[in-house]
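For reference, the structure is listed below as structure tokens.
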Amino acid sequence: MATLFISDLHLDAERPRITELFGQFIRAEARHADALYILGDLFEAWVGDDDPSETGAFVASELHALQASGVPVYFIRGNRDFLVGEDFARRAGMRILPDPSVVMLYGEPTLIMHGDTLCTDDLAYQQFRAQTRDPKWQAQFLAQPLPARIAFAQQARAASRAHQSGLKQQGTMETITDVSPQTVDSTFGRYGVERIVHGHTHRPAVHELMVEGRPCERIVLGDWYDHGSVLRVTRKGFELCGLAMP
């Protein structure tokens, strides 16, 4: 069996085929896994566990059934769903992990994370991230009526698209929104691991590098826009694969 990793599904009602693909994946391959790790941005947006969306209810039902079948489910919050709380986690039967976390994968300590904290060259985003991760900001935000929170999420997505459009016009999109090599190196050194698995950048790849004289690998998960993406880790190794749309 394998331990499975996915991220950046960005599920919402406007992309039903991806939600269908997610359901098929959970009911088929994931049922035979040792564990499932979701490394953030499971949803396009999440404005609180009281959101009555059909997509959220569907995801909770599918994940809870997976966990009930004996497959543990772990979740790390992303930049789109950092407000996923313990109430939704209970409904989904999943455990929320700190970002980042070190897990043992068949004897190999591996650092798992969403990946946005590696993109330190994007100063505007890092400032927004620092603000929205503040517990006081989150408490004030969640105290607002649901329609106000939904409106804020829509405005935030529009601002994000405008920010990225500006970076494209400047010709800095590819570098600013990707990881900082210096931050990657320091992260490897801080945690003393030789493998990092993350999402966020939507640039699926396996990067081999040397850090402080040690061979290391950084595995980047793909997004689920045009097709699915899954990392399968076994005792024999790993493979990063795409999943065809239904």
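Filter the chymotrypsin sites (Phe, Trp or Tyr not before Pro) in segment 172-244 to those in DSSP coil with at most 15 other Cβ atoms within 10 Å of their Cβ, and list the result.
Hits after loop and neighbour filter: TYR225.
Would you please name the GluC sites (Glu not before Pro) within segment 1-72 that are DSSP coil residues with at most 11 other C-beta atoms within 10 Å of their C-beta? Intermediate values should be presented prior to the final figure.
On the way: sites: GLU14, GLU20, GLU29, GLU44, GLU54, GLU62; in loops: GLU14, GLU44.
Here the GluC sites (Glu not before Pro) that fit, given the DSSP loop and packing criteria, are GLU14.
Quick test of the membrane-span-like rule: which DSSP H helices of the chain reach at least 30 Å along their long axis (C-alpha atoms) with mean Kyte hydropathy at least -1.0?
Span-like helices in the chain: 146-170.
What number comes out for accessible area per residue over the chain if the probe is 1.4 Å? Units Å², please. Each step should come with its number before you reach the end.
Values: 11680 Å² over 246 residues.
Spelled out: the 1.4 Å probe surface of the chain, per residue, equals 47 Å².
For segment 93-139, what % of the accessible area comes from carbon and sulfur atoms, probe 1.4 Å?
In segment 93-139, the share of accessible area belonging to carbon and sulfur is 57 percent.
Ignoring everything except DSSP H segments at least 4 long, calculate the 222 nm mean residue ellipticity for the chain; use -39,500 (n - 2.57) per segment, divide by total residues, nearest 500.
Result for the chain, helices only: -11500 deg cm²/dmol.
Protein chains only, probe 1.4 Å: how do CYS241, CYS216 rank by accessible area, largest first?
CYS241, CYS216
Could you list the residues of segment 1-26 with an amide nitrogen less than 20 Å from a label point located 7 Å from the Cα of GLN67 in the Cα-to-C-beta direction?
3-11, 22-26
Restrict the search to segment 79-159; then list the chymotrypsin sites (Phe, Trp or Tyr not before Pro) that DSSP places in a loop and that have at most 16 other Cβ atoms within 10 Å of their Cβ.
TYR106
Taking H placed 1.01 Å from N in the peptide plane, check which residues at least 5 places from ARG95 or on another chain put their amide H under 5 Å from its amide H.
Here VAL73, TYR74, PHE75 satisfy the definition.
Report, in debye and to the nearest 20, how large the dipole of segment 173-246 comes out about its Cα centre when Lys and Arg carry +1 and Asp and Glu carry -1 on their Cβ.
It works out to roughly 360 debye.
Solvent-accessible area of ASP185, probe 1.4 Å, all protein chains present, reported in Å² to the nearest ten, please.
Result for ASP185: roughly 60 Å² accessible.
Leaving ligands, DNA and RNA out of it, work out the accessible area of MET104 with a 1.4 Å probe and give it in Å² to the nearest 10.
Using a 1.4 Å probe on the heavy atoms, I get roughly 120 Å².
The values are calculated or read from the model by the stated rules, or taken from the named source; none is laboratory data. Please read all numbers here as calculations on a predicted model, not as lab measurements. As a convention, Cβ positions derive from the backbone with ideal geometry for all residues, glycine included, and neighbour counts pool all protein chains shown. The accessibility values were calculated without ligands, DNA or RNA, using every heavy atom of the protein model including side chains. Shrake-Rupley method; radii C 1.70, N 1.55, O 1.52, S 1.80 Å.
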